[in-house]
Amino acid sequence: MTTVEDGLYSKADVAYRTLLEGIQQGRFVPGSRLVLAQLAAELDMSTVPVREAIRRLQHDGLVTYERNVGATVVGIDPVEYEYTMETLALVEGYSTAQCAPLVTATELDRARAINRRMHELLQDFDPVEFTSLNKQFHSTLFEHHQNPHILDLVHRGWNRLAALRSSTFAYVPGRASASVQEHDRLLELIADGADFTVIEAAARDHRMNTLNAYLQTLTS
């Protein structure tokens with residue numbers, strides 16, 4: 001768990017990260033109430049930073065607040081999932097294309113290594129680990145070069161998806177192999193210095209392909 005001892009995080013940051021992890025890992029399921037006094041006691045801090053953390057979770061769309069009820073964890077329904085994925089397709093596509101000229105050889109090598117690990121996982125598939133590596137892969141390509149406002153939009157989308165407390169690839173494991181191949185193609189485009197529009201379209205379509213695979217499971 002994140003702590004404040006290293007001086008890198010405020011108490012509100014610690015509370016936010018702890019609650020976010022609790023939502024992502026299923027400790028706080030949809031409908032769970034987030035009781036200020038109880039959480040503050042568990043985190044050994046006052047209610048002030050916990051309240052700030054809950055406000056941030058509300059801003060992320062992971063928590064709702066109702067008078068006389070308090071803060072409650074919300075779930076993401078299929079429609080909300082679709083909206084989130086469509087938004088991510090736009091911002092990730094733009095982010096990847098914008099940052100492509102700035103990606104270093106070291107970062108490309110790291111992304112390739114992550115994708116090789118993802119390929120290995122196809123033999124003994126673990127959707128949760130695969131999803132974690134997928135996030136690391138895309139983060140490597142734009143995390144360190146991005147407009148902070150755009151990056152914030154990406155992180156919000158990732159947090160919304162994580163609130164499902166499951167991996168999309170658990171529902172569409174067959175999508176994993178194609179995803180790895182699309183990663184290889186994206187890396188080739190970046191390494192070759194492809195045009196912005198080409199990289200943007202490849203990255204956007206990559207996210208949309210995952211969404212479409214998931215939507216097909218709902219109609220089959």
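Summary of computed values
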{"read-out": "Test: residue in segment 147-159 that is more than 17 Å from the chain's Cα centre (by Cα), at negative phi, of a type outside the set (A, V, I, L, M, F, W, C) and part of a helix (DSSP H, G or I)", "value": "no"}
{"read-out": "Residue match in segment 182-197 (condition: at pLDDT 95 or above and touching a Ser or Thr at 6+ places or on another chain (Cβ under 9 Å))", "value": "yes"}
{"read-out": "Residue within segment 95-117 that is within 17 Å of the chain's Cα centre (by Cα) and of a type in the set (Ser, Thr, Tyr) present", "value": "yes"}
{"read-out": "Single condition GLU120 does not satisfy, out of (1) outside any helix (DSSP H, G or I); (2) without any contact (Cβ under 8 Å) to a residue 12 or more places away in the chain", "value": "(1)"}
{"read-out": "In segment 146-181, the residues that are small (Gly, Ala, Ser), modelled with pLDDT of 95 or more and either surrounded by fewer than 20 Cβ atoms within 10 Å (Cβ to Cβ) or not assigned by TED's automatic domain parsing to the domain that holds LYS135 (or both)", "value": "SER177, ALA178"}
{"read-out": "Residues of segment 61-83 that turn out to be over 20 Å from ARG156 (Cβ atoms) and either in contact with a His (Cβ under 9 Å, 6 or more places away or on another chain) or part of a strand (DSSP E or B) (or both), as a count", "value": "2"}
{"read-out": "Index of the failed condition, VAL63 passing every other in (1) over 16 Å from the mean Cα position of the chain (by Cα); (2) assigned by TED's automatic domain parsing to the domain that holds ASP205; (3) hydrophobic (A, V, I, L, M, F, W, C)", "value": "(2)"}
{"read-out": "Yes/no for GLY31 being of a type in the set (Gly, Ala, Ser), part of a loop (DSSP other than H, G, I, E, B) and loosely packed, with under 12 Cβ neighbours inside 10 Å", "value": "yes"}
{"read-out": "Residue satisfying condition, being touching a Ser or Thr at 6+ places or on another chain (Cβ under 9 Å) and either assigned to a helix (DSSP H, G or I) or at pLDDT 85 or above (or both), within set GLN98, GLN58, GLN38", "value": "GLN58"}
{"read-out": "Filter result (buried (at least 17 other Cβ atoms within 10 Å of the Cβ) and under 19 Å from the mean Cα position of the chain (by Cα)) within segment 39-59", "value": "ALA53, ILE54, ARG56, LEU57"}
{"read-out": "Residue among GLU86, GLU52 that is under 16 Å from VAL154 (Cβ atoms), modelled with pLDDT of 90 or more and acidic (Asp, Glu)", "value": "GLU86"}
{"read-out": "Where ASP126 falls short, out of the listed (1) under 15 Å from the mean Cα position of the chain (by Cα); (2) acidic (Asp, Glu); (3) modelled with pLDDT under 90", "value": "(1)"}
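The values are calculated or read from the model by the stated rules, or taken from the named source; none is laboratory data. For clarity, every value in this text was computed on a predicted model and none was experimentally measured. All Cβ positions, even for glycine, are placed from backbone atoms using ideal geometry, and neighbour counts span all protein chains on display.
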